[in-house]
Every structure is written in structure tokens, then in C-alpha cells.
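All of the numbers you see were taken from the coordinates with simple rules; none came from a lab. The model shown is predicted, which means the values in this text are computed figures rather than measured ones. Quick reminder, even Gly has a Cβ in these numbers, built from the backbone with ideal geometry, and neighbours come from all protein chains shown.
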Amino acid sequence: MSDTTVPISRREFCGACMASCATLATFVTACGGSPTGPSASARDLSVIQGQFANARVRVTTAGTPLANVGGAARVESSAGLFLVSRTSDTTFTVIDGVCTHEGCTITGTTTTEYVCPCHGSRYNLTGQVQQGPAKANLRQYASTFADGVVSIAV
């Protein structure tokens, strides 16, 4: 062995690191993905625009997934992001649409949970953490329903 070292350039070093990371990512994917990654069983939530006025966000349900019991959607408005699910003919559950782990927008759903795409946190339809890394529940909002419009108090 030689006692001499050959310096490498920063570009060569970074290239080697990137190649190593790509190889590692291939192995992790082949083994089923990150233990905190979102499940492939989640589907994307439909996005509905809500209208904000007088401390309320209003959402028309006709023609949306919220028209039917069991439907769910992400409501976007100038007052924030909300996850809305229809629990009966006249009631809805409304929770914050931003993951409490690192602030990612929650975009996925199963029939019983909302799924964060960033690290796989799962919340039930009332916003309680079902699987981390998130530790804090999502905030719930009061809502009313009349004449085909959900009104969320913010």
C-alpha cells in the first residue's frame, strides 16, 4: 500500500455520493419503500374550491364527492386547507388539511383514513393520528349544512 493520497475534486466526490444515494434508493424501493412512506392503497383526494367570507368557508356539494355519504374531498380556500368527509345526509366532518408532522398538504385517502404523502402519517376521518410519524391530531372545525352548501366556521 502506498502512503500517498490522491485528492479528488468536489465534483467527483459529489458524483460518487449521488451514485451511492441512487443505489440505496433502488434497494429501499425494492424492499417495499420507506417504513414511513405513504401506502400505495391511498387514492388522491378531489380538490374543491371553497369561498371564504364572514369567518366561514362555503362549499357547494353538488357535482362533487361530497354529494354522497362517504365522500371526501380537500377544500382549498384563502382561509386554509380542509379535509371534508360526508358522514350522513346532513352531517360532515371537517379537519385541517395540513399534516402536523412537517406541514405537508394531505392529499390521499382510503375509505377510513387520510394519508400524508410526505412521510406516511395517517389520520382517521376525525383527525386523530392512526400512524406516525405525526404525533399531534389534526384540528377539527364546526360545520353546518343547508341548501346543498357546507359552511365551515374558521
### Query
Any idea how far apart ARG58 and GLN130 come out in nm if each label point goes 7 Å out from Cα toward Cβ?
3.3
## Note on the structure
Note, ALA73: beta-carbon cut-off 11 Å, +1 each Lys/Arg, -1 each Asp/Glu, net 0
### Kirkwood-type radius of the stretch 43-153, with distances r between different C-alpha atoms, in Å
13.7
### Task
Using a Förster distance of 30 angstrom, determine the FRET efficiency expected from the C-beta separation of ALA142 and SER41, and round it to 0.05.
0.45
